[in-house]
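Heads up: the structure comes next, in structure tokens.
The values are calculated or read from the model by the stated rules, or taken from the named source; none is laboratory data. Since the structure is predicted, the reported quantities are computational estimates derived from the model, not experimental observations. Glycine also receives a Cβ, built like all others from the backbone with ideal geometry; neighbour counts cover every protein chain displayed. Surface areas here come from the heavy atoms of the whole protein model, side chains and all, with no ligands, DNA or RNA. Shrake-Rupley method; radii C 1.70, N 1.55, O 1.52, S 1.80 Å.
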Amino acid sequence: MEIEPVVYQMVAILGALGVLIAVLERCAPRRPGGLWLAPATNAPKRAAELWFLAYGVVWIGAFACIVGFELYESFSAWTYFWVCGGLAAPLWLQPVVAPGLTKDADRPLAERYALKANVWLGVFGFAGNYWYTHYFYSVLGAEYTMPANRLNNVPIAMYFATHFYFCFYHVLSNACLRRVATGYAPGLAKTALRVAVVAALAYLTAFLETLTISGFPYWRFDDRHQAYTVGSAFYGIYFVVSFPAFLLIVAAPTRGLDRVAATPRVRGRDAFLRRRPGFRDATRVRGDAAVFAPTPRFRAACRPRRFRDVSATGRDARERRQRPDAHAAPRVRRSARRGDGRPVPAGLRPAGPRDPVQNGDRPVFLT
């Protein structure tokens, strides 16, 4: 059997991308602890990614049966609508009906990661179907020929199908980009590797989708060669934007320290820490995790009052300007006394059970 020229071209393109990534991967210095899935400290995001991957088995198996047994031959417009809509419904309903599946039950609806992910992919998928599909219509001569209810000349069933496609694609892209972000030391080589991985993932995803849908006889191209090579590149532009953006979607920071990934001693003081000034300012979102990074104001507020270094307060700043000699290094504050009556240097605070911030500036990761 003669092999079509497009096969050689696609092997050459994908092989070149693979070689480029391999070279950059060798140049980028590695570091231990690279992650594929979201860290356990970001439980909602990790659980949602596992849910999207597990549900991928369901819709891929359903489509394999429909295409393999040619069940689509008996489908009407409404059958396509209900099949694709029914497969997309669990993803849409899960954040509302079963938030515990993605460990979001203790969060308000608007702060649940699974809902944010579904909204982003729903909006992005709708825009792609409504506008971007017409590129394939006009340039590549593509056309859906099955019976369908349509919106802007695109079958409504495809709006639903795109959603569960995208949920699966974007979790895989998250895994690859996270592995690059956490498994390599910062530098120019890592940046180049990240750019190459995004480009390769986008092109490969677009090509594989075009290749697999070619087995469905009611989606046709005038020029299949151009659809595989050029069409995949233009479709991949869509993912070049979407893949990195999806990785940035984060769950809202945990309210309080009931989930602090630290010692039981720290977890037991959450009621104390909640009341300290600056607690809300100390909680920030960085990458995949909500980070509790104690601010100077928060650390000062957590110290026992008689040992508190007031250098971060406005009162002491005013005194320092008015009487600079009163805060010279050799001198000590009169109010700071040890139990035996000896003075304690102004910058010193006791290390013991009463010290709520053990790690100084080292961040404590929340789930």
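Residue-level check: of (1) open to solvent by 40 Å² or more (accessible area, probe 1.4 Å); (2) at pLDDT below 50; (3) out of contact with any Lys or Arg (no Cβ under 8 Å at 6 or more places or on another chain); (4) under 25 Å from E111 (Cα atoms), R265 misses just (4). Looking at the structure I just gave you, is E111 surrounded by fewer than 22 Cβ atoms within 10 Å (Cβ to Cβ), acidic (D, E), under 22 Å from A206 (Cβ atoms) and in contact (Cβ under 8 Å) with a residue 40 or more places away in the chain? No: the conditions fail for E111.
Mind listing just one residue for me: the one in region 200-237 that is in a helix (DSSP H, G or I) and charged (D, E, K, R) and, of those, least open to solvent (accessible area, probe 1.4 Å)? Here the residue is E209. Take region 94-107 and flag every residue that is without any contact (Cβ under 8 Å) to a residue 12 or more places away in the chain and either under 17 Å from A251 (Cα atoms) or within 20 Å of the chain's Cα centre (by Cα) (or both). Across region 94-107, the qualifying residues are A98, G100, A105, D106.
Among the residues making up region 30-45, those that are in contact (Cβ under 8 Å) with a residue 24 or more places away in the chain and either open to solvent by 70 Å² or more (accessible area, probe 1.4 Å) or in contact with a Pro (Cβ under 7 Å, 6 or more places away or on another chain) (or both) are R30, R31, W36, A40. When we screen V67, V83, V6 for residues that are open to solvent by less than 50 Å² (accessible area, probe 1.4 Å), of a type outside the set (F, W, Y), part of a helix (DSSP H, G or I) and modelled with pLDDT under 95, the only hit is V6.
Scanning region 124-172 for residues that are in a helix (DSSP H, G or I), in contact with a strand residue (DSSP E or B) (Cβ under 8 Å, 6 or more places away or on another chain) and open to solvent by 60 Å² or more (accessible area, probe 1.4 Å) yields a single hit, Y130.
When V197, V240 are checked against the criterion of being at pLDDT 90 or above, of a type in the set (V, I, T) and open to solvent by less than 30 Å² (accessible area, probe 1.4 Å), a single residue qualifies: V197. The test for being in contact with a strand residue (DSSP E or B) (Cβ under 7 Å, 6 or more places away or on another chain) and not in a helix (DSSP H, G or I) does not hold for P32.
The number of residues in region 143-186 that are over 26 Å from V198 (Cα atoms) and either small (G, A, S) or touching a Leu at 6+ places or on another chain (Cβ under 6 Å) (or both) comes to 2.
Which of the residues that make up region 46-57 are surrounded by 13 or more Cβ atoms within 10 Å (Cβ to Cβ) and among the aliphatic types (A, V, I, L, M)?
Once the filter is applied, which keeps residues that are surrounded by 13 or more Cβ atoms within 10 Å (Cβ to Cβ) and among the aliphatic types (A, V, I, L, M), region 46-57 yields A47, A48, L50, L53.
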